[in-house]
Amino acid sequence: PGKPVLQDLSATLKAGKAYAVVGASGGGKSTLLRLLHIPDDNTSGQVLFDGIDIRRLTPESLNGLVSVVQQNVFVFNASIRDNITMFRVFPQETLDEVICRAHLEELVARRGLDALCGEGGCELSGGEKQRLSIARAIIKDAPIVLLDEVTANMDVENELMIQMALQELLQDKTVIMIAHKLSTIKNVDQILVLENGKITQRGTHDQLVSQDGLYQKLWNIQYEASSWSI
């Protein structure tokens with residue numbers, strides 16, 4: 001209370017590029033992502049899309065610009081079809097394409113589009129819920145995509161399928177993602193390193209891993225952990 005989560009923070013992100021935000025837990029990553037689609041949370045400063053303060057945009061306009069895929073997916077107690085389309089009507093050909101791009105074919109073949117997802121998606125696995133969320137974003141086709149650690153706590157098979165679905169979603173988009181697994185962001189255009197609410201480093205993976213700083217420390221920890229065995 002009384003202390004800003006983010007402070008003295010400035011960044012310019014170019015359209016069509018991919019960016020990653022990394023840092024220790026509690027450093028302000030999720031808050032930064034939240035400010036890009038919930039404009040009333042900032043107490044000072046501005047978030048600008050093409051020079052326009054997003055607080056001047058109508059909720060409908062802002063919603064049309066941004067898709068959000070989060071770690072914890074909200075699933076309605078409704079059919080698979082309605083959870084993908086968010087209760088709008090689309091031609092079956094469009095749905096078939098989206099299901100294929102989101103790698104949901106096995107789920108739909110096994111249960112059908114009209115099968116209920118259950119309260120909170122209890123009838124779906126974690127990976128299926130994530131791919132359902134990606135399908136929503138594909139059908140929405142917003143130019144800006146925010147990803148909040150979407151492959152966290154996933155087994156290898158589900159993580160691979162989610163990564164393939166994300167490749168379909170992120171074509172020609174402006175992407176800002178939070179990532180703890182640094183191996184998944186090696187090819188983004190720029191990485192922003194957050195420490196205590198401030199950007200302390202920015203650059204490509206190769207640039208940051210060669211500099212003394214938090215990114216190099218996190219990379220070395222993850223590299224060493226990958227060789228652990230029991």
Residues that are open to solvent by less than 60 Å² (accessible area, probe 1.4 Å), farther than 24 Å from Asp141 by Cβ, among the aliphatic types (A, V, I, L, M) and not in a strand (DSSP E or B): does the stretch 189-202 have at least one? no
Pairs only if they're at least six apart or on different chains, beta carbon under 6 angstrom, first in the stretch 15-44 and farther than 14 Å from Val175 by Cβ, second assigned to a strand (DSSP E or B) and open to solvent by 30 Å² or more (accessible area, probe 1.4 Å); list them, first residue then second. Gly23/Glu195; Gly27/Glu195
Failed criterion for Ala15 (all others in (1) in contact with a helix residue (DSSP H, G or I) (Cβ under 8 Å, 6 or more places away or on another chain); (2) at pLDDT 90 or above; (3) within 21 Å of Leu57 (Cβ to Cβ) hold): (1)
Among the residues of the stretch 56-69, is any part of a helix (DSSP H, G or I), in contact (Cβ under 8 Å) with a residue 12 or more places away in the chain and either in contact with a Gly (Cβ under 6 Å, 6 or more places away or on another chain) or under 27 Å from Asn158 (Cβ atoms) (or both)? no
For the stretch 206-220, state whether one or more residues are out of contact with any Ser or Thr (no Cβ under 7 Å at 6 or more places or on another chain) and within 30 Å of Glu97 (Cα to Cα). no
Go through the stretch 35-68 residue by residue and tally those that are over 22 Å from Asp141 (Cβ atoms) and not hydrophobic (A, V, I, L, M, F, W, C). 11
One residue is enough: does the stretch 23-42 have a residue meeting the conditions out of contact with any Phe, Trp or Tyr (no Cβ under 7 Å at 6 or more places or on another chain) and in a strand (DSSP E or B)? yes
Taking the conditions exactly as written (touching a Cys at 6+ places or on another chain (Cβ under 9 Å) and either modelled with pLDDT of 90 or more or open to solvent by less than 50 Å² (accessible area, probe 1.4 Å) (or both)), does Val69 satisfy them or not? no
Which numbered condition trips up Gly45, out of (1) of a type in the set (Gly, Ala, Ser); (2) on the phi > 0 side of the Ramachandran plot; (3) surrounded by 19 or more Cβ atoms within 10 Å (Cβ to Cβ)? (3)
Please go through (1) part of a helix (DSSP H, G or I); (2) surrounded by fewer than 18 Cβ atoms within 10 Å (Cβ to Cβ) for Gln171 and return the number of the only condition it doesn't satisfy. (1)
Determine the pairs where a residue that is in contact (Cβ under 8 Å) with a residue 60 or more places away in the chain and farther than 16 Å from Val193 by Cα, located within the stretch 204-228, has a partner that is open to solvent by less than 90 Å² (accessible area, probe 1.4 Å) and of a type in the set (Val, Ile, Thr) with Cβ atoms under 8 Å apart, the partner being 6 or more residues away or on another chain. none
For a quick check of your reading of the model, give me the residue pairs whose first member lies in the stretch 70-83 and is at negative phi, whose second is exposed (fewer than 15 other Cβ atoms within 10 Å of the Cβ), with beta-carbon atoms closer than 7 Å and at least 6 apart or on different chains. Val75/Gly120; Asn77/Gly118; Asn77/Glu119; Ser79/Asp114; Arg81/Asp114
Take the conditions acidic (Asp, Glu) and surrounded by fewer than 13 Cβ atoms within 10 Å (Cβ to Cβ) and apply them to Glu157. Does it pass? yes
Of all residues being over 25 Å from the mean Cα position of the chain (by Cα) and assigned to a helix (DSSP H, G or I) in the stretch 88-114, which is surrounded by the most Cβ atoms within 10 Å (Cβ to Cβ)? Just the residue, please. Arg111
Mind listing whichever residues of the stretch 134-150 are assigned to a loop (DSSP other than H, G, I, E, B) and in contact with a Ser or Thr (Cβ under 7 Å, 6 or more places away or on another chain)? Ala142, Pro143
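The values are calculated or read from the model by the stated rules, or taken from the named source; none is laboratory data. All figures in this text were calculated on a predicted structure; none of them were measured in a lab. Neighbour counts run over all protein chains shown; Cβ positions are idealised from the backbone, glycine included. What goes into the accessible areas is simple: the full protein's heavy atoms, side chains included, and nothing from ligands, DNA or RNA. Shrake-Rupley method; radii C 1.70, N 1.55, O 1.52, S 1.80 Å.
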